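The block underneath contains the structure these notes are about, expressed in structure tokens.
Since every read-out is calculated from the coordinates, none of them should be taken as a lab result. Here the structure is a predicted model, which is why all the values come from computation and not from measurement. Here the Cβ is made from the backbone with ideal geometry for all residues, glycine too, and neighbour counts use every protein chain on show.
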Amino acid sequence: MFAIPLGMGIIALLEVPKMLKKKQWGELIAFAGLWLFATLYAFLVAAEAPLPSPTNLVFFLFGGRS
């Protein structure tokens with residue numbers, strides 16, 4: 001579980017300063033939202049929490065097979 005915060009922290013440390021320097025506020029907000037979602041998902045997978053299949057979510061959102 002130690003690798004998750006380390007990896008996600010490195011990603012944030014590499015990306016966020018560039019976006020702040022270029023004043024890319026929209027990209028920063030989108031990055032933060034996706035980064036938080038990915039971090040939460042990674043922790044849940046590492047904790048072996050019961051998660052629905054991502055394929056089922058895609059089918060639900062885009063009306064695939066029923």
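Taken along the Cα-to-beta-carbon direction at a fixed 7 Å, the label points for A38 and Q24 span 1.3 nm. Ordering G26, L44, G64 by the projection of their Cα atoms onto the charge dipole of the chain, which places +1 on the Cβ of Lys and Arg and -1 on the Cβ of Asp and Glu, puts G26 at the extreme positive end.
Over the residues of the chain, the helix contribution to mean residue ellipticity at 222 nm works out to -25500 deg cm²/dmol, using -39500 (n - 2.57) for each DSSP H run of at least 4. Helix 25-46 and the long axis of the chain differ in direction by around 50°, with both axes built from C-alpha atoms. Simple spin-label estimate for E15 and T55 gives 2.7 nm between the two label positions (7 Å along the Cα-to-Cβ direction from each Cα).
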